[in-house]
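One structure is given here, and the rest of the page talks about it.
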Amino acid sequence: MTIFAALTLLATGCALLPWATPPNPLIGTWSNTDNDRVTFQADAVLVTPNKGTPTAMGPGDCNGVFRIAYGRMDTAPFASLFPGQPDLEEKLKGLLVQPQYPVAEVTCDKGGTTYFMIDDRDLLAIYRDAGVGGLERLTRL
């Protein structure tokens, strides 16, 4: 066995160990019905309008405040997040039926977006800015 083959076998074996970090399921490119795209990277978000140039979100775009965090999130708080928008709360209750989902939490200036991965192909974006919310569905490309 060559050294290269031994290293490849070792790397493959380590990836299968229970303490190995699983890949982030949200990493990749997602698209809405207008073919606008959002690409999640480990430490950045790229936004690409339909037939436009990709723009990396960062502190320069967000008045100096930009954060992205990946993980899992409980959905219960979202059921009452927009008391002034009862129609939005009802839609959220119908769409977020599991108690927890994989998420990407993006903060930009004073607003934020939580991206819930509903299943392998569908993502729900919940936009929040000054107490006003909005929803958008995205599909994995």
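Taken together, the values in this text are just the output of simple stated rules run on the coordinates, not laboratory data. Owing to the predicted nature of the structure, the values given are computational and were not obtained by experimental measurement. Note that each Cβ is placed from the backbone with ideal geometry, even for glycine, and that neighbours are counted across all protein chains shown.
Here the dipole of the stretch 24-140 is about 140 debye; that uses its Cα centre as origin and unit charges on the Cβ of Lys and Arg (positive) and Asp and Glu (negative).
Couplings 3J(HN,Hα) of the stretch 61-71, computed from phi: 8, 10, 6, x, 10, 9, 9, 9, 9, 10, x Hz, in residue order, whole Hz [Karplus 6.51 cos²θ - 1.76 cosθ + 1.60, θ = phi - 60°; x for Gly and Pro]. Dipole orientation for the stretch 62-141: of the candidates GLN100, CYS62, MET117, CYS62 has the Cα lying most toward the positive pole (charges on Cβ; Lys, Arg +1; Asp, Glu -1).
For MET73, the residues whose amide H sits under 5 Å from its own are TYR101, VAL103, ignoring neighbours fewer than 5 places away on the same chain, with H placed 1.01 Å from N. In straight-distance terms, cross-link reach from LYS110 covers every one of the lysines whose alpha-carbon lies under 27 Å from its own, apart from those fewer than eight places away in the same chain; here that gives LYS91, LYS93.
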